[in-house]
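Written out below as structure tokens is the structure these notes cover.
Any read-out appearing in this document is the output of simple, stated calculations on the displayed coordinates, not a laboratory observation. In this text, all values refer to a predicted model and were calculated from it rather than measured experimentally. Glycine also receives a Cβ, built like all others from the backbone with ideal geometry; neighbour counts cover every protein chain displayed.
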Amino acid sequence: MSKTIIISNRLPLQLQIDNKKIKATPSVGGLATGMKSVHRDSNGIWIGWTGLTEEEIPADLRDEVVDATIKEQCVPVSLSEEDIDGFYYGFSNRTIWPLFHYFMEYTEFEKESWQSYVEVNEKYAEVVLDNIEEGDTVWVHDYQLMLLPALIKKERPDVQIGFFLHIPFPSYEVFRTLPWREEILKGLLGSDLIGFHTYDYQRHFLSSVSRILRHEVSFNEITLKDRIVTVNSYPMGIDYDKFSEAAAKHDAAKNQSELQRRLDLHIDSTPDAKMILSIDRLDYSKGIANRIRAYEYFLEKYPEFKEKVRLVMLAVPSRSNVPQYQLLKKEVDELVGRINGKFASVSWTPIWYFYRSMPFENLIDLYTTCEVALLTPIRDGMNLVAKEYVATRTDKKGVLILSEMAGAAQEMSEALIINPNNFEEIADALKQAIEMPEAEQIKRNKFLQKRLKRYNVEKWANDFMTSLKDTAHKSDIVKAI
Ligand code: ADP
Ligand code: G6P
């Protein structure tokens with residue numbers, strides 16, 4: 001039976017060695033959480049990295065690694081420490097990630113890390129080619145694997161290949177600064193279908209293809225000698241039912257976790273106070289430092305809200321070997337310390353800051369308890385947290401404040417949309433959110449929930465796979481001409 005092969009740098013499970021045993025935890029990030037449910041409902045396999053390097057896995061635990069991944073229909077790609085340094089911490093996260101999020105000043109162009117990126121993409125290609133069977137479909141994900149489609153197509157022109165980019169594709173003027181811009185575009189054009197979260201990212205990509213490679217480009221098609229590559233936007237959804245059902249169950253059986261007890265204590269001691277939530281990986285693209293400064297400005301501009309609000313901020317550790325992430329950690333620690341020191345009273349701490357990963361149940365505790373979500377990315381491909389927050393508001397109360405720089409803002413116009421660099425606007429949006437009448441909150445969330453339920457992650461994956469199947473037909477026509 002033919003199957004779909006999903007490939008991403010990270011598998012949906014992360015392996016660690018705990019007490020000489022292999023322990024698996026879920027991966028964090030939009031790609032992993034979103035694709036997990038698509039994978040669960042398919043009979044396919046998922047190829048990717050386990051989070052452990054070759055050097056970290058002792059010989060006697062190698063079988064355990066394979067067992068832990070097979071159980072989840074996953075196939076591990078073995079990467080060395082050197083690979084992780086050059087490919088992951090290097091080219092993926094010091095070149096592509098900052099460049100594609102418009103952080104030019106953080107972008108490094110290092111030939112060695114580019115070479116490692118090429119080699120690791122080739123390693124992925126080997127594993128994929130070993131696992132492809134007649135009639136299979138391949139779906140490659142994200143910026144770490146942009147050379148993979150062409151590497152597979154070269155060996156298996158018969159296989160339909162889809163590629164989805166989970167981060168923004170930058171404008172031509174930014175993309176053109178990359179010394180390996182041609183190689184990246186050619187790698188991607190090994191696909192039959194290339195998907196983006198928004199029409200703008202699609203437009204930027206097409207413009208780069210036409211100006212750099214000089215291919216003939218129409219509205220959403222690129223004509224190559226022997227094939228047509230289709231390009232389209234597919235805004236990724238969430239597993240809506242999973243979040244709304246978890247929230248409904250949570251409401252019915254409260255006070256289970258330590259975190260929930262602490263959150264409830266806050267409500268009991270200050271019943272009319274509001275909690276403002278933010279959840280992100282600790283990443284400079286998420287605008288965490290900006291958010292804290294804007295919150296400080298809000299407390300200064302509207303002092304009547306002192307003791308009446310609390311910012312609950314969950315930052316999940318991420319890519320901590322990259323210097324910019326270490327600097328951000330330091331900056332956030334200092335900002336939180338400074339603002340808590342400046343405003344706190346005996347009975348009130350303005351910011352509760354958690355720097356750790358939390359289990360799903362705790363995410364639900366936070367989503368369901370906080371009346372306002374404040375998400376202020378400077379650039380974000382989509383931002384699934386915004387969608388998850390709305391999905392968990394079972395009574396339809398709660399206000400989402402969302403940056404216009406997040407892909408999600410294009411589908412969530414009923415949220416309070418802000419410019420993350422405009423503190424005045426953020427402070428006013430916070431005031432508006434806190435004072436918003438319940439009827440208006442319900443009205444806004446009703447529209448948002450309806451849309452999120454309909455365009456869930458299953459629909460997103462089905463739309464993409466249906467378009468991918470259609471591309472086979474288009475290429476047959478080109479061959480016939
Ligand atoms: P990004 O993909 O850039 O990290 P998104 O907002 O699109 O940003 O996705 C973040 C995802 O990570 C969400 O699906 C969220 O539920 C998930 N997540 C956040 N914190 C945790 C955590 N502690 N454990 C597991 N998943 C988490
Ligand atoms: C974003 C990226 C994913 C990545 C995730 C977590 O969602 O689009 O490709 O997996 O962040 O980042 P990490 O570097 O830990 O895999």
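Among residues of region 15-41 that are within 18 Å of Thr53 (Cα to Cα), those with a Cβ under 6 angstrom from a residue that is away from ligand 1 (no atom under 11 Å from the Cβ) and charged (D, E, K, R), sequence gap 6+ or separate chain, pair up as Gln16/Lys23; Ile22/Glu64.
Quick one: how many residues across region 281-318 are within 16 Å of ligand 2 (Cβ to nearest atom), in contact with a Ser or Thr (Cβ under 9 Å, 6 or more places away or on another chain) and outside any helix (DSSP H, G or I)?
Of all residues in region 281-318, those within 16 Å of ligand 2 (Cβ to nearest atom) come to 281-288, 314-318.
If we keep only those that are in contact with a Ser or Thr (Cβ under 9 Å, 6 or more places away or on another chain) too, we end up with 281-283, 286-288, 314-317.
Next, only the ones that are outside any helix (DSSP H, G or I) stay: 281-283, 287, 314-317.
Going through region 281-318 one residue at a time, the tally reaches 8.
Taking region 290-317 as the range and being more than 22 Å from the chain's Cα centre (by Cα) and farther than 14 Å from Ala433 by Cα as the test, the residues that pass are Arg293, Ala294, Glu296, Tyr297, Leu299, Glu300, Lys301, Pro303, Glu304, Lys306, Glu307. A count restricted to region 148-203 and to residues that are part of a helix (DSSP H, G or I) and away from ligand 1 (no atom under 16 Å from the Cβ) stands at 24.
I'd like to verify a number: residues in region 360-380 that are more than 7 Å from ligand 1 (Cβ to nearest atom) and either free of Cβ contacts under 8 Å to residues at least 24 places away in the same chain or touching a strand residue (DSSP E or B) at 6+ places or on another chain (Cβ under 9 Å) (or both), how many? Write out each step before concluding.
Within region 360-380, the first condition is being more than 7 Å from ligand 1 (Cβ to nearest atom), and the residues that meet it are 361-362, 364-379.
Cutting the leftovers down to either free of Cβ contacts under 8 Å to residues at least 24 places away in the same chain or touching a strand residue (DSSP E or B) at 6+ places or on another chain (Cβ under 9 Å) (or both) gives us 362, 366-367, 369-379.
Counting residues in region 360-380 that are more than 7 Å from ligand 1 (Cβ to nearest atom) and either free of Cβ contacts under 8 Å to residues at least 24 places away in the same chain or touching a strand residue (DSSP E or B) at 6+ places or on another chain (Cβ under 9 Å) (or both) gives 14.
Are any of the residues in region 284-294 within 23 Å of Val332 (Cβ to Cβ), surrounded by 15 or more Cβ atoms within 10 Å (Cβ to Cβ), touching a residue at least 12 places away in the same chain (Cβ under 8 Å) and touching a Lys or Arg at 6+ places or on another chain (Cβ under 8 Å)? Within region 284-294 (the criterion being within 23 Å of Val332 (Cβ to Cβ), surrounded by 15 or more Cβ atoms within 10 Å (Cβ to Cβ), touching a residue at least 12 places away in the same chain (Cβ under 8 Å) and touching a Lys or Arg at 6+ places or on another chain (Cβ under 8 Å)), the answer is yes, since at least one residue qualifies. Could you tell me whether region 451-464 includes any residue that is assigned to a helix (DSSP H, G or I), without any contact (Cβ under 8 Å) to a residue 60 or more places away in the chain and not polar (S, T, N, Q)? Yes: region 451-464 contains one or more residues that are assigned to a helix (DSSP H, G or I), without any contact (Cβ under 8 Å) to a residue 60 or more places away in the chain and not polar (S, T, N, Q).
Rundown of residues vs (1) surrounded by fewer than 18 Cβ atoms within 10 Å (Cβ to Cβ); (2) not charged (D, E, K, R); (3) not in a helix (DSSP H, G or I), yes/no style:
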{"residue": "Asn9", "(1), (2), (3)": "no, yes, yes"}
{"residue": "Gln14", "(1), (2), (3)": "no, yes, yes"}
{"residue": "Thr33", "(1), (2), (3)": "no, yes, no"}
{"residue": "Lys36", "(1), (2), (3)": "no, no, no"}
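This table checks each residue for (1) in a helix (DSSP H, G or I); (2) crowded, with 19+ Cβ neighbours inside 10 Å.
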residue: Ser357; (1), (2): no, no
residue: Pro377; (1), (2): no, yes
residue: Met412; (1), (2): no, yes
residue: Asn445; (1), (2): yes, yes
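Within region 282-325, the residues that satisfy the criterion of being away from ligand 1 (no atom under 16 Å from the Cβ) and over 17 Å from Tyr353 (Cβ atoms) are Tyr297, Glu300, Lys301, Tyr302, Pro303, Glu304, Phe305, Lys306, Glu307, Lys308, Asn321, Pro323. On the stretch given as region 107-147, residues that are in a helix (DSSP H, G or I) and within 16 Å of ligand 1 (Cβ to nearest atom) total 3. If we scan region 389-396, do we find a residue that is of a type in the set (S, T, N, Q), out of contact with any Lys or Arg (no Cβ under 8 Å at 6 or more places or on another chain), part of a strand (DSSP E or B) and within 14 Å of ligand 1 (Cβ to nearest atom)? Checking region 389-396: not a single residue is of a type in the set (S, T, N, Q), out of contact with any Lys or Arg (no Cβ under 8 Å at 6 or more places or on another chain), part of a strand (DSSP E or B) and within 14 Å of ligand 1 (Cβ to nearest atom).
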